[in-house]
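Readers should treat all values here as calculations from the given coordinates under stated rules, not as data from a laboratory. What you are looking at is a predicted structure, and each value in this text was computed from that prediction instead of being measured. Neighbour counts run over all protein chains shown; Cβ positions are idealised from the backbone, glycine included.
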Amino acid sequence: MIVLGLESSCDETAAAVVREGTEILSSVVASQVPTHSEYGGVVPELASREHVDNIWFVVEKSLEKASAEWNDVAAIAVTRGPGLVGALLVGLAFAKALAYARHLPFLGVNHLEGHIYSVFMDHPEAETPALCLVVSGGHTNLYYLPERGEYKLIARSRDDAAGEALDKLSKFLGLGYPGGPIIERLAPYGDEDAIPFRVPKITDGSLDFSFSGLKTAALRYLQTNDIEPLRADQESVPSEIPQPLLDLLASYQKAIINQLIDRVERALKEYDVHSIQISGGVSCNRQLREDLLTTFEAQGLPVHCPNASLTTDNAAMIAGAAYHRLKLGKTDSWDLKANPNLRL
Ligand code: KG4
Ligand code: ZN
């Protein structure tokens, strides 16, 4: 059974053709980074307009790359939330129109479920019960999965998401957008122990994350040490960046990683699991993957991350996540609404 998936929750217009929930026949992503980078972050209205411009092309390309015909498609799945409402509406309206015209079942998928499902697409061997960390530009959520398809949210960020913290610092320093990959590229040139950022403790004993204090500490460090953001004529390459700034980037990235690992370690005291999983845009960070592997595999716990193309926003994870519901004969009705704050 072939599902056509669509994803337009933020700044990526994506379509994918997936067979039996895991076999990715095609996955096409039109990135809007060039549009938003001059603003240092996603401009919602520009995102919606660009989704409108790109979505048809992306769908056609995904079918062509999969060598699939419309008659091969058994259902259409689309992200219905969480995300930017205008951006979500483009994908949702388009998916409904396609499904209606082709007389196909239609399914709305939770974007976060898509991210979690991406781990199983790449690692079918991943065992439950598991802890899954979803780290992206919009979310830092830790889930306990008693089994596949069952989710218990056990921690979330009380303020900024991990990716947002990276994006905001990068924007402030004039380094560019998105911040995560830029900081990842520059961090090896700095000393990650230069600035001793602390892992924040939540006083009520919860496992929740918090990244806004880290951002404030970074800004204070810049002020105290008289470090200026990059000028417009400077490029974000190591040779143009003063050493204290490179040290800040390395220490900041390390502090984010340390907090993510700290919360997983604490969660392990409460939850007995067979694997640790990680997904979402930030999870393609090599340092994060390496640190997770060294910390948890030493304790005999396998750590599973999907390959890089499945970590950032894509439609294959949406088509995959929909498949199991479709197999049970569950589909959605035409009045399904986009929900920018949809929870999982
Ligand atoms: O999952 P995603 O594509 O979109 C959301 O659902 O938010 O995640 C985007 C986030 C951005 O904050 C971006 O800076 C971050 O993922 N990101 C990274 C890396 N690649 C993307 N963060 C750290 N290291 C990376 N290599
Ligand atoms: Zn995402």
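Here are a few things to note about the model shown:
- Pairs from 65/168; 152/330; 152/327; 61/337 whose Cα-Cα separation, in the structure shown, is over 31 Å: 65/168
- Between residue 172 and residue 219, the contour length at 0.36 nm per residue exceeds the Cα-Cα span by 16.0 nm.
- Between residue 39 and residue 233, full extension at 0.36 nm per residue minus the direct alpha carbon distance yields a gain of 68.2 nm.
- On the basis of the beta-carbon distance and an R0 of 30 Å, residue 203 and residue 299 show a calculated FRET efficiency of 0.65.
- For region 316-344 and region 110-167, distance of Cα centres in Å: 17
- MRE, 222 nm, helices only [DSSP H, n ≥ 4, -39500 (n - 2.57), over the chain, to nearest 500]: -13000 deg cm²/dmol
- Residue 158-residue 258 pseudo-label distance in nm [points 7 Å out on the Cα-to-Cβ vector]: 1.9
- Charge tally around residue 158: other residues with Cβ under 14 Å, Lys/Arg +1 each, Asp/Glu -1 each, net -1.
- Extension gain (nm, one decimal) between residue 339 and residue 243, 0.36 nm per residue minus Cα-Cα: 30.2 nm
- Label-reachable residues, region 160-199, where backbone N falls under 11 Å from a point 7 Å from residue 270's Cα toward its Cβ: none
- In units of the compact-protein estimate 2.2 N^0.38 Å, region 241-344 shows a Cα radius of gyration of 1.42.
- The chain: radius of gyration over Cα atoms, expressed as a fraction of 2.2 N^0.38 Å: 1.00
- Model label points for residue 191 and residue 328, set 7 angstrom from Cα along the Cα-to-Cβ axis, are 5.5 nm apart.
- Packing-based exposure ordering (other Cβ within 10 Å, fewest first) of 28, 78: 28, 78
- Kirkwood hydrodynamic radius of region 173-301, from inverse mean 1/r over distinct Cα pairs, in Å: 16.0
- With Cα atoms defining each centre, region 173-242 and region 254-310 are spaced 21 Å apart in the structure.
- Other residues lying with their Cβ under 13 Å from the Cβ of residue 55 contribute a combined charge of -2, Lys and Arg counting +1, Asp and Glu -1.
- Point-to-point label distance, residue 226-residue 53, nm (Cα→Cβ direction, 7 Å offset): 4.5
- Neighbour count of at most 13 Cβ within 10 Å plus DSSP loop: longest GluC sites (Glu not before Pro)-free window in the chain: 236-344
- Looking at region 128-305 alone, DSSP beta bridges between its own residues are antiparallel in about 55 percent of cases.
- By DSSP, the beta bridges lying fully in the chain are antiparallel in about 55 percent of cases.
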